[in-house]
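K.L.:
Here you go, one structure.
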Amino acid sequence: MIRQHSRLRRVYTLFSAPHGLRTTDEAMLAELDSQLQQSGGTKFTLQAIITKADQLENGGRERVDQMKSAIFRAAPTCLPPIITACPPKGLKFGIELVRKSITDCCGL
């Protein structure tokens, strides 16, 4: 059980934008959310990272919005998801937000 780890501050879950959320992903989020709520939110926080957003074609924004909605339905206490992309050519984004989230969480 996650709540037994006394030094744990945040649980990150990564989801591939091209694959979307699966039923098992939603079940995992719901379980993590349940453990978070049982701890009163004092043990750890939960944050989703949606990766590979650069690989989405037309309707990519809608796909990401659907994933965000599904994340919040399964885990209402989840922090807002971070969207990342690392295309071979072009603008990379989201990586600095992930780094900031980790350092903020650890108090660095």
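The values are calculated or read from the model by the stated rules, or taken from the named source; none is laboratory data. If you're wondering where the values come from, they're calculated on a predicted model, not measured in any experiment. All Cβ positions, glycine included, derive from the backbone under ideal geometry; neighbour counts span all protein chains shown. Keep in mind that these areas ignore ligands, DNA and RNA; they rest on the heavy atoms of the full protein, side chains included. Shrake-Rupley method; radii C 1.70, N 1.55, O 1.52, S 1.80 Å.
K.L.:
So how tilted is helix 60-74 from the main axis of the chain? Cα-based, degrees 0 to 90, rounded to 10.
P.N.:
10
K.L.:
Please give the length that would be gained between residue 95 and residue 73 if that part of the chain were fully extended, namely 0.36 nm times their separation in residues minus their C-alpha to C-alpha distance (nm, one decimal).
P.N.:
5.4 nm is the gain from fully extending residue 95 to residue 73.
K.L.:
Over the range 1-57, what is the relative contact order in whole percent, taking alpha-carbon pairs under 8 Å and six or more residues apart? Could you put the intermediate results ahead of the total?
P.N.:
Numbers: 59 pairs, mean separation 31.7, N = 57.
Dividing the mean separation by the residue count of the range 1-57 yields 56 percent.
K.L.:
Another question about this same structure. Over the chain, with the other protein chains present, what is the accessible area per residue in square angstrom, probe 1.4 angstrom?
P.N.:
Working: 6900 Å² over 108 residues.
I get 64 Å² per residue for this part.
K.L.:
Considering only protein heavy atoms and a 1.4 Å probe, what is the carbon-and-sulfur percentage of the accessible area of the range 1-107?
P.N.:
Numbers: 3540 of 6740 Å².
C and S atoms contribute 53 percent here.
K.L.:
Would you mind checking the tilt of helix 23-38 against the longest principal axis of the Cα atoms of the chain, expressed as 0 to 90 degrees and rounded to 10?
P.N.:
Helix 23-38 sits at roughly 40 degrees to that axis.
K.L.:
Please list 3J(HN,Hα) in residue order for the range 82-90, calculated via the Karplus relation 6.51 cos²θ - 1.76 cosθ + 1.60 where θ = phi - 60°; whole Hz, with x for glycine and proline.
P.N.:
Along the range 82-90, the couplings run 9, 9, 10, 8, 9, x, x, 10, x Hz.
K.L.:
In percent, how large is the relative contact order of the chain, given Cα pairs closer than 8 Å and 6 or more residues apart? Walk me through the intermediate numbers first.
P.N.:
Details: 146 pairs, mean separation 32.0, N = 108.
Value for the chain: 30 percent.
K.L.:
Of all beta bridges DSSP finds with both residues in the chain, what is the antiparallel percent, to the nearest 5?
P.N.:
Values: 1 of 11 bridges.
Roughly 10 percent of the DSSP beta bridges within the chain come out antiparallel.
K.L.:
Related question: How do the peptides 83-92, 20-29 rank, highest first, by the average count of neighbouring beta carbon atoms within 10 Å per residue?
P.N.:
On the way: 83-92: 12.4, 20-29: 14.9.
Highest mean packing first, the order is 20-29, 83-92.
K.L.:
Treating only the Cβ of Lys, Arg, Asp and Glu as charged (+1, +1, -1, -1), what charge dipole size does the chain show about its Cα centre? Round to the nearest 20 debye.
P.N.:
Numbers: 15 positive and 10 negative charges, 71 e Å.
Around 340 debye, computed over the chain.
K.L.:
Return P(r) of the range 51-104 (all Cα-Cα pairs; 5 Å bins starting at 0; whole %; ordered from short to long distances).
P.N.:
All Cα pairs considered, the percentages come to 4, 18, 22, 23, 21, 9, 2, 0.
K.L.:
Still on this structure, I have one more. List the residues whose amide H sits under 5 Å from the amide H of residue 16, counting only those 5 or more places along or on another chain, with H placed 1.01 Å from N in the peptide plane.
P.N.:
Under 5 Å from the amide H of residue 16 lie the amide H atoms of 51, each far enough along the sequence or on another chain.
K.L.:
Angle, helix 95-106 long axis vs. longest principal axis of the chain, Cα atoms, 0 to 90°, nearest 10?
P.N.:
Helix 95-106 sits at roughly 10 degrees to that axis.
K.L.:
Rounded, prolate or oblate: which fits the chain when a ≥ b ≥ c are the square roots of the eigenvalues of the alpha-carbon gyration tensor, with rounded for a/c under 1.5 and prolate only if a/b beats b/c? Walk me through the intermediate numbers first.
P.N.:
Details: a/c = 2.74, a/b = 1.45, b/c = 1.88.
Judged from the Cα gyration tensor, the chain comes out oblate (a/c at least 1.5, b/c at or above a/b).
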